[in-house]
Structure formats: structure tokens, C-alpha cells
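The values are calculated or read from the model by the stated rules, or taken from the named source; none is laboratory data. What you see is a predicted model, and the numbers here were worked out from it, not measured in a lab. Counting neighbours? That spans all protein chains shown, and the Cβs are built from the backbone with ideal geometry, glycine included. In case anyone asks, the SASA skips ligands and DNA or RNA and just uses the protein heavy atoms, side chains included. Shrake-Rupley method; radii C 1.70, N 1.55, O 1.52, S 1.80 Å.
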Amino acid sequence: MSMPEFSAQFSPRASRLIDAFAPDERTIVSMLQRRCETAGDTPLLLIDGAVFCARDLADRAGRSAARLAQAGIEAGDRVALLCGNRLEFFDMLLGTIWLGAIAVPINRAARGAQLQHILANSGARLLVAEADVAQAMAYVPRSDLALDAIWVLPTRGEDALPETAGEWALRPVPQPGAPREPAPTGPADTAMIIYTSGTTGPSKGVCCPQAQFFWWGLNSIDVLEIEAADVLLTTLPLFHVNALGTFFQALLSGSQLVVMDRFSASGFSAALTRHGATVTYLLGAMVSILLATPDQPDDAAHPVRRALAPGVPAQFHAAFAQRYGMTLIDGYGATESNFVIGGGDPLPGCMGKVRPGYEAIVADEDDNPLPDGTPGELLLRAKHPHAFAAGYHEMPAQTAASWRNLWLHTGDRVWRDAEGRFYFMDRIKDAIRRRGENISAFEVEQVLLSHPDITIAAVYPVPSEHGEDEVMASLILRDGAALLPEAVLDFCQPRMTYFSVPRYLRFADALPTTENGKVQKFRLREMGITPDTWDREAAGYKVARAVRAAAG
């Protein structure tokens, strides 16, 4: 298929973007420079109460790149970012990419062994963190880390900065330097390493090339019908590809992006109205939470016409549209892939059809395509170079396994109807999804097993009243040991992400196992929440998002 024939499959605006960017121009710096040339003074980003145009952000990127270069960061080095939705995130992200280095955005809730693994695997030379989360480095030993420095940003509402975290020295972020020219980069060069939850092992760093973000933005523009006059609003965290993708949607389309600090159900509609948003972004759990709040007269007083909302159960679509006045758009994308399924006249609860430029099949365990209507694993492939991730950083075996037979194996069970629409069923891999966050059962188990009184830990999902999963752990204690559930969670909190802390705990004398002693998690999932299960929410136990002192 010729390029004109390919681009003709998209909306007029998306088609023009494909034609406007030659393959070697599909880089993040090129996208920012093109916006400067075509609409450099129009609002691009509203964050922290201030509005920035493309020229502002390009200038800030050049100055931030100079600051990094003065600190000894070079092209190809990794710079880790551990902060929330704030202007400095964009300063450091764009400055790193402007310099030709690689950004490593980390989930702000990362703690303990998970944080150490990410920093070690990425080989980050610099960590930029907010002051409160920088304290988590007290639980991260120096061994195996390449970190030369930790720069600290003030926590919101506080001016004082800590000087140490355990054995680590902390220093304020230096002032930016004089703007410098961007380093030459190509569409195949890695722009970011984004860590996605491990399934049967540690978190994997997904190597995302420059061009992958061009296609993220373009596919989203096409599905959501984004125009230059639109105002996009996200409350999702910028260290996830969903929120990161909104920036490239705005950058390419000529529209404006509003980034909120966090999601608030009670203030959601008011925020949409206040900012004049026309497109927003939700996750399945957010929709159910919004529907559970009391009706308000201004629920639909905003100008939003559609929301990208993957993973929303079919039964919520009509009720949400009636109350909030917007259409929910489903779809499928992964950090390793792109926005590959969406559009094509989808039905509620349906992800849509495969996007132009991609292939998708439903396959059996040997990668053989299955007939329509038969569940199997979703396998994906891109027809254009660098639209997908290049693999997992420093994990060749995992890369080979996930991309075997030249297909990306998603680990998700789906089925396809006769019209080519795809429907999500569940996750084949051992991961848990709680309120939009992917949780590695393996990593939670490692924290639990590091407790001296726990000998066996099995972590698995159980259904949530919000439509996704809750985290449950079944534990066997050492002989003679006795632990209160609260003590287990006190131990967990400083050592894992707050959303990974189990909601349900069950102490057992034995767990179902195979003949070789492996715990049969499918049987535990079938058992579900048993009468002897402890529920932290029912008990009134609170999980704090801030770093707490470890117990024991």
C-alpha cells in the first residue's frame, strides 16, 4: 500500500499530519519545533495554573538540557524522574530528550526493591524526585546503582528540602542554563524507558523510540477526532503512557492540554467546565467511582463531547452518557505497542477494530490464529518502523519471549467478532489491575516474603466493586509466629507502591499446590474472598500515599 493510500484511511487532520512529517522527522524535538513554526504562540500546555506555548516549552527544554549537560549528562545517558503532574516534569522530560539522553519516568509510588530494580536496570545516572518521595531512597541501597546525584524538587506547599535520605545525599535542582541547540535524534532512537509491571518477574523497562510517540499522538487524534480548537484535560499521572500520550495529541493537533494534579470525583465536572475542556481521559474504575457519587445539577454542564475510557464495562456506558453528557470511547494500547485498536463503530464494552498500520490476531498457545468468536491471546504487529517499542531494556530473554514469531504477545485474552471488533476478556499473565494501575503479583510477594515471619506468600486478584481487581494475599507464617494483619500492612507500606498494598489478607496453614510444590493460584482465585479473609477497608485500616517509617 502506498503512503497516500495509507493516509487516506485516516481523518483529514490525521492524514495531513502523516504527509507533513517525513519518516525521519517523526521525533519529539521535530514535533515541538514544527508546532513552534506553525502555531508557536498558541496555548499548548496549562499546568500548575500557568499557560505555556510551544516556544515557551522549547526554550525551557533547551535551558533544561543545558542544566543537565553542566551536570555531566550526555546523549544516551538515562535520567530518572520521580514526581507528580507538575511543570518540572515537562522541563526535565523535554530537556533530557533535547539533549539526546533518555528519560525514565517512574511511578511516583515506587518504593523499596521495585525502585532499586528500576534504577539499577535503567542505569540512570541522575534521579530527579520530589522531596517527599525522595525520602523513599532511604530504603534503596547504593549497590548496583549508577546514580551520580539525586536532585530534589519541593513537595507542593513546602519550601524546605531534605539534605539526606538514608545514605544518599540530596541537593536542590540546579538553575537552568543558557538555551542550547537540540542534539540530533532519529525516529529509532530511544526517547524513554517506561517501566511496566512484571508478571512472573521484576518490572520491565520498555524502550520507547521517538517515532512511537508520533504514532501515539496521531492514532489518538484520529479516534477522538481532535481538532486545533479542542481543549484536552487529563487527571492521569504523567509517568503512564496514557497521560504522556495526551501531550503529543495536543502537540500534533494544535490543541491545548490541561494537566491536573490528580483525579477528584467531586470536582471532576467543575474542572471540565472551568477549563472549557472538550476531550478528557478516564479509566474503568474512575467511571464507576463517578457514577457512585451523588447526582449534581452541573454534572453535564461542561463542553466535553467524548472521553477516551478503555476498560469500562458495557453496562456503564449508557448511564454515564446520560448523566455526564459525554460518549465513552474504548480502545486498546500498551506501553510496548501503541494505540492499535479503537474506532470502527465500536459497541459498548467493545475495544473496536484494529487501526490502520497494525495487525492483530487472536491466537492459541502456539501462535496459530483462532476463528472469530474463540478466545485466545491478543498478538500485535506494526507495519511501520518504530511505531512499537524496541524491547525491554537489558532483558534480552524477556524481549525474545514477548516478541517471539515476530508478534508482540500482550498476555491479554480477547475474542473477535465476525465484523472484526475485538473484546477484552481478562489477563493471561500474572498481573493485577487495580483502579487503573498494573500491579506485579511477583513484586508484592517479594516484599511479603522479606518479612521474617512469612514463609509463603501468594498474591492474586479478586473482583473489585469498582469493576477491576483488588489485591489479595494468602500467607503461611513460620512455625510459632503470630502476626496481626495490620502489622503485615505496616511492613508493606514503605516497601511498595501504595496501590499495591493488599486489601485482603488470609492466614492459612496450607495452600493448594502442584505436585512439585508450586502454588495453584487459579484455585485461590476460584476460592476468592473466604469467610476467614481480613479486609483492611472493613477494618478501617488506612494506606498512606506518603513515605512512612518501616515497622520492624
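Structural remarks
Conditions tested, residue by residue: (1) assigned to a strand (DSSP E or B); (2) touching a residue at least 24 places away in the same chain (Cβ under 8 Å); (3) not β-branched (Val, Ile, Thr).
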| site | (1), (2), (3) |
| --- | --- |
| Phe388 | no, yes, yes |
| Ala397 | no, no, yes |
| Ala401 | no, no, yes |
| His409 | yes, yes, yes |
| Trp415 | yes, yes, yes |
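- Listed by first and then second residue, the pairs linking a residue in region 167-191 that is farther than 16 Å from Gln33 by Cα and of a type in the set (Asp, Glu) to a residue that is assigned to a strand (DSSP E or B) and modelled with pLDDT of 95 or more, with Cβ atoms under 8 Å apart and 6 or more places separating them unless they lie on different chains, are Asp189/Pro209.
- Residue that is farther than 29 Å from Thr190 by Cα, among the hydrophobic types (A, V, I, L, M, F, W, C) and assigned to a loop (DSSP other than H, G, I, E, B), where the choices are Leu483, Leu448, Leu475: Leu483
- Thr455 meets each of the listed conditions (1) open to solvent by less than 20 Å² (accessible area, probe 1.4 Å); (2) among the β-branched types (Val, Ile, Thr); (3) part of a strand (DSSP E or B) apart from (1).
- Candidates in region 170-206 are the residues that are touching a His at 6+ places or on another chain (Cβ under 8 Å) and either surrounded by fewer than 23 Cβ atoms within 10 Å (Cβ to Cβ) or part of a loop (DSSP other than H, G, I, E, B) (or both); of these, the one that is modelled with the lowest pLDDT is Pro202.
- Selected residue [more than 20 Å from Leu233 (Cβ to Cβ), outside any loop (DSSP other than H, G, I, E, B) and touching a Leu at 6+ places or on another chain (Cβ under 8 Å)] from Val128, Val29, Val51: Val128
To keep it simple, each residue is scored yes or no on (1) open to solvent by less than 40 Å² (accessible area, probe 1.4 Å); (2) farther than 27 Å from His386 by Cβ.
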site: Arg13; (1), (2): no, no
site: Leu17; (1), (2): yes, no
site: Ala58; (1), (2): yes, no
site: Ala65; (1), (2): yes, no
site: Gly84; (1), (2): yes, yes
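Listed here are the residues, each with its yes/no results for (1) in contact with a Ser or Thr (Cβ under 7 Å, 6 or more places away or on another chain); (2) not polar (S, T, N, Q).
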{"site": "Val259", "(1), (2)": "yes, yes"}
{"site": "Ser264", "(1), (2)": "no, no"}
{"site": "Thr278", "(1), (2)": "no, no"}
{"site": "Ala285", "(1), (2)": "no, yes"}
{"site": "Pro294", "(1), (2)": "no, yes"}
{"site": "His302", "(1), (2)": "yes, yes"}
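- Scanning region 356-364 turns up no residue that is among the β-branched types (Val, Ile, Thr) and either under 23 Å from the mean Cα position of the chain (by Cα) or in a loop (DSSP other than H, G, I, E, B) (or both).
- Positions within region 462-476 being within 19 Å of Phe507 (Cβ to Cβ) and not small (Gly, Ala, Ser), in sequence order: Val462, Glu470, Val471, Met472, Leu475, Ile476
- Of the helices (runs of 4 or more DSSP H) lying entirely inside region 236-325, those carrying at least 3 residues that are over 23 Å from Asn438 (Cβ atoms) are 241-253, 268-275, 314-324.
- Within region 132-145, being among the aliphatic types (A, V, I, L, M), open to solvent by 10 Å² or more (accessible area, probe 1.4 Å) and in contact with an Asp or Glu (Cβ under 9 Å, 6 or more places away or on another chain) holds for one residue alone: Ala138.
- Hits in region 458-485 - residues which are open to solvent by 10 Å² or more (accessible area, probe 1.4 Å) and hydrophobic (A, V, I, L, M, F, W, C): Ile476, Leu477, Ala481, Ala482, Leu483, Leu484
- Residues in region 271-303 that are surrounded by fewer than 21 Cβ atoms within 10 Å (Cβ to Cβ) and hydrophobic (A, V, I, L, M, F, W, C) were compared, and the one that is farthest from the chain's Cα centre (by Cα) is Ala301.
- Test result for Ile428, open to solvent by 70 Å² or more (accessible area, probe 1.4 Å) and hydrophobic (A, V, I, L, M, F, W, C): yes
- Selection status of Val354, within 16 Å of Phe422 (Cβ to Cβ) and open to solvent by 50 Å² or more (accessible area, probe 1.4 Å): yes
- Within region 21-32, residues that are closer than 12 Å to Phe248 by Cα sit with their Cβ atoms under 9 Å from residues that are of a type in the set (Val, Ile, Thr) and outside any helix (DSSP H, G or I), at 6+ positions apart or across chains, in these pairs: Thr27/Thr185; Ile28/Thr185; Val29/Thr185; Ser30/Thr185.
- Residue check for Glu37: acidic (Asp, Glu), within 19 Å of Gln210 (Cβ to Cβ), in a helix (DSSP H, G or I) and open to solvent by 60 Å² or more (accessible area, probe 1.4 Å): yes
- Any hit, region 504-527, residues being open to solvent by less than 20 Å² (accessible area, probe 1.4 Å) and either aromatic (Phe, Trp, Tyr) or under 29 Å from Pro237 (Cα atoms) (or both): yes
- Of all the residues in region 1-26, those that are assigned to a helix (DSSP H, G or I) and farther than 23 Å from Gly342 by Cα number 4.
- Condition check for Val488: crowded, with 19+ Cβ neighbours inside 10 Å and touching a residue at least 60 places away in the same chain (Cβ under 8 Å): no
- Verdict on Ala228 being assigned to a helix (DSSP H, G or I) and farther than 17 Å from Asn338 by Cβ: no
- Every condition in (1) touching a helix residue (DSSP H, G or I) at 6+ places or on another chain (Cβ under 9 Å); (2) buried (at least 19 other Cβ atoms within 10 Å of the Cβ) holds for Asp367 except the one numbered (2).
- Residues of region 67-82 that are open to solvent by 10 Å² or more (accessible area, probe 1.4 Å) and either touching a residue at least 60 places away in the same chain (Cβ under 8 Å) or farther than 25 Å from Ala136 by Cα (or both): Arg67, Ala69, Gln70, Ala71, Gly72, Glu74, Ala75, Gly76, Arg78.
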